[in-house]
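The values are calculated or read from the model by the stated rules, or taken from the named source; none is laboratory data. If you're wondering where the values come from, they're calculated on a predicted model, not measured in any experiment. Here the Cβ positions follow ideal geometry from the backbone for every residue, glycine too, while neighbour counts run over all protein chains shown.
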Amino acid sequence: MPTKKLNLILIPEKRMADIGDFLKIADLIRDKCADVIPHVVKRNHAAFKQALYLARPTLYVGFYDTRKFQPWRGTYLHGLAMTKSEQYRQIEKSGLQTLQWKLIEPGIRYAPADWGSHVIVKPDEGRQGHDVKIRKTGRVRYEKDCLNDEAHIIQKFIHTGAQPVNYRALTFFGETIYMHKSTNTACGNLLTDPNRIDELGGHNPVATAAHGKGELVIDEEIIAYARQVALTAFRDIPLLGQDIIRDIHTGKLYCLEVNPYGSTWHFSSASGHGIQTANNFNFEEQFGAFNKVADILIQKTREFAV
């Protein structure tokens, strides 16, 4: 009996990544199976090219937020633009714990007894670590921190080390396809004791600073945690750039954001090239990412193509 053919339509964003990555993945899929027929389609061609795929069950996978495109036939899984507060609510709705946070509101004062002596203040909209500050809790004010009514978040400060440490787990349908550890080696004051005001005052808490150190690591606890976050709270979003920290005192993990929009395919993005060149490593080689993505896409196409 002939094998039932299924279409897989990959829609990368060429401004954010090299389309050649996805052509390689499509070739790997063709080598691995006969039933999944992959196609790589540019975003601005997706709407009119879909007429070519109507005869078969189809799965569309968009690597960024493309809600404007709605296929006539097939399942469509894609990135989704979400603020940090929306991401936290989604995580909490799924039953997972977030690091204590609130949107800063007019007229509200924040007590050190509830938050600790110092907190993190950051924009609700993602800015690649820009405008993230460590503040004395009692000094946080809407009028000071939310200029022009721009939403900001107050979040509990977690000590990740003398120099701030962050882990980026890039997950594809829950599977980690690279893991990058960032350490801010240019953080100013070393933070050996988070209760010392003199150390906190000159400390930059952002781990992904431009002059920091990057390395590829394998941490099974973080891999398992990232899988849980992806499959529990964001199961329909293919690509997540999860930023995860570990409390150095308790060992507990927290997800600071998942970057669900999809602009995190750093195998070939401009920022990704810069990180890999500066630290002399290759994201794709760590876990054989493209081969892993091909296997996942075959499985997902058989599961979701309609």
Exercise. Given the residues Tyr88, Tyr64, which is the only one that is at pLDDT 95 or above and either assigned to a helix (DSSP H, G or I) or of a type in the set (Ser, Thr, Tyr) (or both)?
Worked result: Tyr88
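Scan Ile153, Ile108 and give me the residue that is in contact with a Lys or Arg (Cβ under 9 Å, 6 or more places away or on another chain), in a loop (DSSP other than H, G, I, E, B) and of a type in the set (A, V, I, L, M).
After applying the criteria, what remains is Ile108.
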Exercise. In segment 182-193, what count of residues is obtained for those that are crowded, with 19+ Cβ neighbours inside 10 Å and either modelled with pLDDT of 95 or more or in contact with a helix residue (DSSP H, G or I) (Cβ under 7 Å, 6 or more places away or on another chain) (or both)?
Worked result: 3
Exercise. In segment 140-149, is there at least one residue being within 26 Å of Ser268 (Cα to Cα), surrounded by 14 or more Cβ atoms within 10 Å (Cβ to Cβ), charged (D, E, K, R) and out of contact with any Cys (no Cβ under 8 Å at 6 or more places or on another chain)?
Worked result: no
For this session: Scan segment 34-42 and give yes if some residue there is surrounded by 20 or more Cβ atoms within 10 Å (Cβ to Cβ), farther than 20 Å from Arg67 by Cβ and not aliphatic (A, V, I, L, M), otherwise no.
Result: yes
Seminar exercise, completed: With the first residue restricted to segment 174-194 and required to be in the same structural domain as Ile218 (by TED's automatic domain parsing) and more than 13 Å from Ala224 (Cα to Cα), and the second required to be polar (S, T, N, Q) and in a strand (DSSP E or B), Cβ contacts under 6 Å at 6 or more apart or on different chains are Ser182/Asn166
Exercise. Can you name the condition, by its number, that Ala224 falls short on among (1) without any contact (Cβ under 8 Å) to a residue 60 or more places away in the chain; (2) touching a Ser or Thr at 6+ places or on another chain (Cβ under 8 Å); (3) not β-branched (Val, Ile, Thr)?
Worked result: (2)
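For every residue, the table says whether it meets (1) in contact with a helix residue (DSSP H, G or I) (Cβ under 9 Å, 6 or more places away or on another chain); (2) surrounded by fewer than 21 Cβ atoms within 10 Å (Cβ to Cβ); (3) in the same structural domain as Pro123 (by TED's automatic domain parsing); (4) assigned to a helix (DSSP H, G or I).
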| position | (1), (2), (3), (4) |
| --- | --- |
| Ile223 | no, yes, no, yes |
| Ala226 | no, no, no, yes |
| Ile248 | no, yes, no, no |
| His266 | yes, no, no, no |
| His273 | no, yes, no, yes |
| Glu285 | no, yes, no, yes |
Problem set entry | The listed residue being surrounded by fewer than 17 Cβ atoms within 10 Å (Cβ to Cβ), in contact (Cβ under 8 Å) with a residue 40 or more places away in the chain and outside any loop (DSSP other than H, G, I, E, B), out of Leu256, Leu231 | Leu231
Exercise. If we scan segment 210-221, do we find a residue that is surrounded by fewer than 18 Cβ atoms within 10 Å (Cβ to Cβ) and assigned to a helix (DSSP H, G or I)?
Worked result: yes
Seminar exercise, completed: If you go through Val119, Val61, the only one that is of a type in the set (Val, Ile, Thr), under 19 Å from Ile11 (Cβ atoms) and touching a residue at least 12 places away in the same chain (Cβ under 8 Å) is Val61
Seminar exercise, completed: By residue number, the members of segment 174-209 that are of a type in the set (A, V, I, L, M, F, W, C) and either under 23 Å from the mean Cα position of the chain (by Cα) or not in a helix (DSSP H, G or I) (or both) are Ile177, Met179, Ala186, Cys187, Leu190, Leu191, Val206, Ala207, Ala209
For this session: Take segment 2-41 and flag every residue that is assigned to a loop (DSSP other than H, G, I, E, B) and under 25 Å from the mean Cα position of the chain (by Cα).
Result: Pro12, Glu13, Lys14, Arg15, Met16, Ala17, Asp18, Val41
